[in-house]
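First comes the structure, then the notes that go with it.
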Amino acid sequence: MGAVENVMRSLSVIEEKDSEINAFITVADEKALLRRAREVDDGINRGIYDSPLAGMVIAVKDNIMTAGLKTTCASEKLRDFIPPYSAAVVERLTEAGLIIIGKTNMDEFAFGSTTETSCFGSTKNPYDTTRTPGGSSGGSAAAVAAGMVELALGSDTGGSVRQPASYCGIYGLKPTYGAVSRFGLTSYASSMDQIGPFATSVDDCEALFSIIAGFDERDSNSIHYNPDSMPEKPVIGVPEKYASELICAIRRFKEAGIKVREFKFSFDIERFAAPAYYIIACAEGCSNLARFDGIRYGDRNADYCPELKARLEMGNLVLSEGFYDEYYIKASKIRRLIRNAYDEVLKGFDCILSPVVADTAPILGHYDDDRVKMYAADTFTVPANLTGLPALCIPVEKKDSLPKGAQLMGRAFSENLLFCLARQIEGMI
Ligand code: GLN
């Protein structure tokens, strides 16, 4: 199908479903989209694009700058902000012949797990609209799961691509730290933020990743991407405690002839990962958000949501004298111990299989009176951000008609192996 048809189809599904799902904050102007689609179709005919995704439509999370198209971070502070420039990933999508159909809903400034803190209202899970699609990139995941688009971008600081991918039954990758330029991504916690792809197939997810990955001098942590060599006979490790929860995926890997072995971490990651992550994320987040002071950016009269305020207070607290050593420094030390534990395990295994989240998508409002429970639910996703390692969510089962993913985490730059293994078990739900 050509780009024009893709745009028309996407707009009609958005029109039909988005009043209920609320995946989009902004849909681009139809005339401009069609103009762009005709240009892309022309380019495809002339053979100027290399990517198999040329002519496809994509949704982009609303914390990624799009020149001339509103970018709100789902915050009152930026409700009407139109950026003068585009993020590096947006430039790359455009060069590859993709069409940005609109900007997706999210938790305010990406601080959250449910998309409920958006000033534009919650996004609903297309599998069950009484439930959350997850967050913070919930709009992107829901747009793909509802068939409004086949591709989307999100950002993942502590699981915000993988967790909504799990709740919405699609693929979602948190790339190796530094693989994808963060230029033009609104920062949350700079030492962990990465932009990642969502897709309904492994091939599309991989093709989208290869478009957005690559060195960019405008991001000081960007690196030249050098794929890890592929092992001939990969061995997957599973933490023994979770093997029973991953039976379906393990069976499928074994049927495909891939070795899966159990192991035990030398460090209690489950106990320390989420607390260390939240201390570091709030600390970095509060210094990053200081720029929205109403002088250059942000509406000074607008307020943050209560969740964000609480986190900024916590960030200020852990960075203040007297608490700094006890919290921030300690969390940084724990971060190093977690990285060491993963490095040790990844000497013996090519990658690690684990849950993404313990459960399927919760009902909207589920965490209203227990925020700590919400933070604890990030236990399996945050290690990839604390360590910088890549991790992929693969849809593997359905429980009471709700999808659930499993996570494959590998060595730095081993995305090719993660995709290759995911392909072996594709189509489980
Ligand atoms: N749920 C995590 C948090 O609230 C992750 C958010 C993210 O990855 N952007 O910090």
Residue span ASN316 to CYS248: 0.36 nm per residue of separation minus Cα-Cα distance leaves a gain in nm of 20.1 nm
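Counting Lys and Arg as +1 and Asp and Glu as -1, each charge on the Cβ, what is the dipole of the range 341-419 about the Cα centre in debye, to the nearest 20?
Dipole size: approximately 140 debye.
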Between the range 11-46 and the range 201-241, how many Å separate their Cα centres? 29
Let a ≥ b ≥ c be the square roots of the eigenvalues of the Cα gyration tensor of the range 1-55; is it rounded (a/c under 1.5), or, if not, prolate (a/b larger than b/c) or oblate? prolate
Dipole of the range 267-351, Cα-centred, from +1 at each Lys and Arg C-beta and -1 at each Asp and Glu C-beta, to the nearest 20 debye? 160
Just from its helices, what would the mean residue ellipticity at 222 nm be for the chain, if runs of 4 or more DSSP H residues each count -39500 (n - 2.57) and the sum is divided by every residue, rounded to the nearest 500 deg cm²/dmol? -11000 deg cm²/dmol
If amide hydrogens are placed 1.01 Å from N in the peptide plane, which non-local residues have theirs closer than 5 Å to the one on GLY196? GLY154, SER155, ASP156
Roughly what % of DSSP beta bridges within the range 19-123 run antiparallel, to the nearest 5? 45
Starting with the highest mean, order 410-419, 378-387 by the number of other Cβ atoms within 10 Å, averaged over the residues of each peptide. 378-387, 410-419
List LEU173, LEU69 from most exposed to least, where exposure is judged by having the fewest other Cβ atoms within 10 Å. LEU69, LEU173
The chain - Debye-derived log10 I(q)/I(0), Cα point model, q = 0.10, 0.12 Å⁻¹: -0.63, -0.93
Enter the Cα centre distance for the pair the range 108-139 and the range 316-369, rounded to the nearest angstrom. 22
To make sure I understand, if each residue's beta carbon is the centre and we count other beta carbons within 10 Å, what order do MET65, MET106, MET8 fall in, fewest to most? MET8, MET65, MET106
Show me the three semi-axes of the equivalent ellipsoid for the range 63-121, from the C-alpha gyration tensor (sqrt of 5 times each eigenvalue), largest first, rounded to whole Å. 22, 13, 9
Length-normalised contact order of the chain, Cα under 8 Å, at least 6 apart, in percent, tallies to 17
Return the inverse of the average 1/r over all pairs of distinct C-alpha atoms in the range 12-108, which is the Kirkwood hydrodynamic radius, in Å to one decimal. 14.1
Gyration tensor (alpha-carbon) shape descriptor, the range 51-166, a/c threshold 1.5: oblate
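If you put +1 on each Lys and Arg Cβ and -1 on each Asp and Glu Cβ, how big is the dipole of the chain around its Cα centre, in Debye rounded to 20?
Value, rounded to 20: 640 debye.
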Among PRO227, ALA290, GLY55, the residue whose Cα sits farthest towards the positive end of the charge dipole of the chain (+1 at Cβ of Lys and Arg, -1 at Cβ of Asp and Glu, taken about the Cα centre) is PRO227
Listed highest first by mean packing, meaning other Cβ atoms within 10 Å per residue, what order do 307-317, 90-100, 151-161 come in? 151-161, 90-100, 307-317
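Mean shadow of the range 256-341, computed from the convex hull of its alpha carbons, in nm²?
For the range 256-341, averaging the hull's shadow over all directions gives 9.5 nm².
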Going by the alpha-carbon gyration tensor, a ≥ b ≥ c the square roots of its eigenvalues, is the range 109-234 rounded (a/c under 1.5) or, if a/c is not under 1.5, prolate (a/b greater than b/c) versus oblate? oblate
Roughly speaking, what is the stretch gain from ASP228 to ARG35, that is 0.36 nm per residue apart minus the C-alpha to C-alpha distance, in nm to one decimal? 65.5 nm
In a shell of Cβ-Cβ distance under 12 Å around GLU270, excluding GLU270 itself, what net charge do Lys and Arg (+1) and Asp and Glu (-1) give? +1
Here the percent of antiparallel bridges among DSSP beta bridges lying wholly in the chain, to the nearest 5, is 70
Per-residue Cβ contact counts at 10 Å, fewest first, order THR104, THR117 as THR117, THR104
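Readers should treat all values here as calculations from the given coordinates under stated rules, not as data from a laboratory. Bear in mind the structure is a predicted one, so any value in this text is a computation, not a measurement. Methodologically, a virtual Cβ is constructed for each residue, glycine included, from the backbone with ideal geometry; neighbour enumeration extends over all protein chains shown.
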